[in-house]
Amino acid sequence: MSKINTLEDLNKAGKRGLATLIPSGTKIMVGMATSGIASGAQDVYHALDREIRERRLDIILSRTGSMGMDCMEPLVDVLEPGKPRLAYGKITAKKAPTLLEQIAKGTIETIKPFYRMDEEESIILGKSKRYGDGSVPAYLKEIPTIKEIPFYAKQVKIATRNCGLIDPESIDEYIAKGGYSGLYKAITGMKPEAIIKEVIASGLRGRGGGGFPAGIKWKTCREAKGDVKYVICNGDEGDPGAYMDRSVMEGDPHSVIEGMIIGAFAIGSHDGYIYVRNEYPLAVANLGKAIEKAREYGLLGKNIFNSGFDFDIRISKGAGAFVCGESTALMASLEGAAGEPRAKYIHTVEHGLWNRPSNLNNVETWANVPAILTRGGKWFAGIGAQNSTGTKVFSVVGKINNIGLVEVPMGTPLKDIVYDIGGGVPHGRKFKAVQTGGPSGGCIPEKLIDLRVDFDELWKAGSMMGSGGMIVMDDRTCMVDIARYFIEFLESESCGKCIPCREGVRRMRDILEDICAGKGQAGDVELLETMSQAIIDGSLCALGGSAPNPVLSTIRYFRDEYDAHIKEGRCPAGVCKALIKYSVDSETCTGCGMCVKVCPTGAARGEKKQPHVIDEATCTRCGACLESCKFDAINVK
Amino acid sequence: METARTDERTKLREIIARYHGEKSSLIAILQDIQEAYNYLPVAILKMVGQEMDIPLMRVYEVATFYNAFSLTPRGKNVVEVCAGTACHVKGAINLLENLERELEIKCGETTKDETFTLEQVRCLGCCSLAPVVRIDGNIHAYLTQQQIPDILRNYRK
Ligand SMILES: Cc1cc2nc3c(=O)[nH]c(=O)nc-3n(C[C@H](O)[C@H](O)[C@H](O)COP(=O)(O)O)c2cc1C
Ligand code: FES
């Protein structure tokens, strides 16, 4: 591969990319992000590959990342010359031959696509490219366009712009979508100060949780004293229930790398690090390959774009410690030490990694940067809400129909996310709350469903943006159990360096466990509140400082559930094992014997075709009967 | 015994050389050791200290701080039950208890025949497929208690 030194070189690579992105022949794309693979995409890929080779079909098979609609995975997209791109959901290896036959016949008879795309959008170039001549064959008119299906209708993709569209291993395809043009513009045509000004004008706030303005951080780091500075990407993604950073690192690694190079040039840094959590092997692999490619092209290394600017990136793998997502702990971990945070008054932009000025931003923050450089800060600031500009990626998971990753403008009402995009709560149950902000966040109750989701509104409601996890909960989720769950999480993840966090959180866990076990006492809630304040005030880092949030927010909105546990010995959601009973509804039970078969203790009993019963004394409330009953005849109260 | 020790030292030196002996790569080096031995043998940790000129206390501190490291041998298949929020609200705790029953061990333990080690992890990033369990690196999505015996049988083979 020859190096890319000029705009002409870049355009040439883009042309090569376009030739594989929208080829002259038929192309099939399989979504191969971790979630796709876990749903069986690997088998689908191999089956397609085998069939194509055996039948000597003239079809290009390619891998992409995830378009976000995980509930439809494995996803296969088909692009034929002159036709819209078609998306097929829940494809299995078995269906592969049928799909290929259908393509050969030019029909959609047997397997229906669930949406079509008439054009390919490129947010960076600010334009769309029609597939073929843009006409839609009559037989495809009945298929809704991507913008007509509720899951995608309200989405605006900036950070995840290429995920699911390009092959993450192809730097050319990334360039074809306008990639590295922001870097070219920045390095060859802008002064570092002007770049920083642009990022400040965009209003971009850190997507890793704190929401600190990225441009201001860059400026401070640029102005900090020191010849050696570091640029770091936080890919630790520790919040449980959040996986947007994984999706970007796996599906569009160059967007992060390009953002970092731009940032490094603006700040005056020559060394970059990406810290990726241990649980993301595919992200590490794809980032590694992308870095190699960028080096081959000279986009990393010495004298980038003949500008005299040098920069390179190393990947560092975490080893399973939540606290290492915190900036000072992360830097300690990069130095090869235990990830214990430092006191807050020492700023990492001045004294960070190896005590040198260091600029840390989150994966999604970096991925936004190339778009800001090409389209301008003003353009970005025009999207989203007043003090929360741009978009945010959320993982909408838990008790929700359309599970997946969504990217919406900041300020989108929670209602739109839960009902329009998410399609509401499954099994006809009642929506109760959304948990945001990970272990530092809180639960937004149903009555605040109109809340416009941005940094400040979430904060006002007693929660946080965090990294973007949205765990939807229904009436079968116990809010006291959720508080206990997060506190237990934080107790085990507390590094133990400061006492308020180490001992305080442990005591709170004891109290919450007692409440869940039916041993709660009057005054427990008040005690939790008092302890919370002490932990917030006295902790060394934000882990402890925000640890009580899940408890405080559940007390604030769901005090009645705490009271039910403490005063009535009742768990209204039917979760806390010490407080619930399993029974069989004799009206609906058909006596099929399923519960008897799966019950591990023999508590479920009964004759065939006769209503069964559950013996309370031997029942361990393991839920096996509930899970296996096809007639909804198991009651939990 | 002597030659075994020398062999291990050679193996370790190879791992350390991958990172040019940089002290800041201690975590990566321990990860590679764990990959090679399936856990972190104390004898090897002592060698790491000697070879890299890092006090054993520091090596030990890092080895015990991070959840990914194990100081005891692990089974052939590591069963990791996700305890992330999405999996929690979808009943991951029942899966864990079921696995404890099936394998006749507690979370964190290894079966006597050393086939399985049962562990809990904090979110595997497959929250959309909750509840999930990862066995030997393979994600099992939308897992139900009913499926567990069959899945374990496949790994026992
Ligand atoms: C306990 C704790 C855990 C954190 N975990 C993460 C994380 O996993 N990913 C992340 O990007 N930021 C995390 N943060 C926030 C980082 O400290 C830091 O603010 C962020 O990476 C800065 O980048 P940003 O300004 O682009 O958001 C965490 C903070 C705390 C206190
Ligand atoms: S919560 Fe289980 S994979 Fe994320």
Legend entry - Failed item in (1) buried (at least 21 other Cβ atoms within 10 Å of the Cβ); (2) modelled with pLDDT under 95; (3) within 26 Å of A:Glu407 (Cα to Cα), with A:Glu364 passing the rest: (2)
Legend entry - Top-ranked residue of segment A:233-271 - restricted to ones that are among the β-branched types (Val, Ile, Thr) and within 20 Å of the chain's Cα centre (by Cα), ranked as farthest from the other protein chains (Cβ to nearest Cβ): A:Ile257
Inset, instruction - Look at B:Arg13 and say whether it is surrounded by 17 or more Cβ atoms within 10 Å (Cβ to Cβ) and over 29 Å from B:Phe116 (Cα atoms). - result: no
Legend entry - Neighbours by Cβ (under 6 Å, 6+ apart or cross-chain): first from segment A:306-319, more than 14 Å from chain B (Cβ to nearest Cβ); second among the hydrophobic types (A, V, I, L, M, F, W, C): A:Ser307/A:Ile187; A:Phe309/A:Phe265; A:Phe311/A:Ile261; A:Phe311/A:Ala264; A:Asp312/A:Leu300; A:Ile313/A:Ile291
Legend entry - Filter pass, A:Asp43 being acidic (Asp, Glu), touching a residue at least 40 places away in the same chain (Cβ under 8 Å) and surrounded by fewer than 21 Cβ atoms within 10 Å (Cβ to Cβ): yes
Inset, instruction - Residues being within 16 Å of ligand 1 (Cβ to nearest atom) and at pLDDT 95 or above: count how many of those fall in segment B:47-85. - result: 4
Inset, instruction - Hey, can you tell me all the residues within segment B:16-55 that are within 14 Å of chain A (Cβ to nearest Cβ) and either in contact (Cβ under 8 Å) with a residue 40 or more places away in the chain or of a type in the set (A, V, I, L, M) (or both)? - result: B:Ile16, B:Leu26, B:Ile27, B:Ala28, B:Ile29, B:Leu30, B:Ile33, B:Leu40, B:Val48, B:Met52, B:Ile54
Inset, instruction - Scan segment A:254-269 and give yes if some residue there is over 23 Å from A:Val349 (Cβ atoms) and either in contact (Cβ under 8 Å) with a residue 40 or more places away in the chain or in the same structural domain as A:Gly466 (by TED's automatic domain parsing) (or both), otherwise no. - result: yes
Legend entry - Residue under evaluation A:Ile91, criteria (1) part of a strand (DSSP E or B); (2) closer than 25 Å to A:Val397 by Cα, criterion not met: (1)
Legend entry - Those residues of segment A:187-215 which are among the β-branched types (Val, Ile, Thr) and crowded, with 16+ Cβ neighbours inside 10 Å, in sequence order: A:Ile187, A:Ile195, A:Ile196, A:Val199, A:Ile200
Inset, instruction - Say whether the condition of being within 11 Å of chain A (Cβ to nearest Cβ), basic (Lys, Arg) and in a helix (DSSP H, G or I) is met by at least one residue in segment B:73-93. - result: no
Inset, instruction - Identify the single condition in (1) under 27 Å from A:Gly215 (Cα atoms); (2) away from chain B (no Cβ under 14 Å); (3) not in a helix (DSSP H, G or I) that A:Asp456 does not satisfy, given that it satisfies every other one. - result: (3)
Inset, instruction - Hey, could you check segment B:121-142 for residues that are free of Cβ contacts under 8 Å to residues at least 12 places away in the same chain and more than 9 Å from ligand 2 (Cβ to nearest atom) and say which is farthest from A:Ser39 (Cα to Cα)? - result: B:Gly137
Legend entry - From A:Val397, A:Val408, A:Val369, residue being buried (at least 20 other Cβ atoms within 10 Å of the Cβ), away from ligand 2 (no atom under 16 Å from the Cβ) and assigned to a strand (DSSP E or B): A:Val408
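Here is a check on your reading of the model: is B:Val62 facing another protein chain (nearest Cβ under 9 Å), more than 24 Å from A:Asp70 (Cα to Cα) and away from ligand 2 (no atom under 16 Å from the Cβ)?
yes
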Legend entry - Residues that are surrounded by fewer than 21 Cβ atoms within 10 Å (Cβ to Cβ) and among the β-branched types (Val, Ile, Thr), drawn from segment A:512-560: A:Val525, A:Thr530, A:Ile536
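Select the strands (runs of 3 or more DSSP E) contained entirely in segment A:1-86, then report the ones holding at least 1 residues which are more than 17 Å from B:Ile139 (Cβ to Cβ), small (Gly, Ala, Ser) and modelled with pLDDT of 95 or more.
Fully inside segment A:1-86 and qualifying: A:59-64.
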Legend entry - Residue in segment B:117-138 that is surrounded by the most Cβ atoms within 10 Å (Cβ to Cβ), counting only those that are within 18 Å of B:Leu71 (Cβ to Cβ) and not polar (S, T, N, Q): B:Leu118
Inset, instruction - Would you please name the residue that is surrounded by the fewest Cβ atoms within 10 Å (Cβ to Cβ), looking only at residues in segment A:334-353 that are free of Cβ contacts under 8 Å to residues at least 24 places away in the same chain, within 13 Å of chain B (Cβ to nearest Cβ) and not aliphatic (A, V, I, L, M)? - result: A:Glu335
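The values are calculated or read from the model by the stated rules, or taken from the named source; none is laboratory data. Predicted model only: the values in this text are computed from it and were never measured. Positions of Cβ are generated from backbone atoms using ideal geometry, with glycine treated the same way; all protein chains shown enter the neighbour counts.
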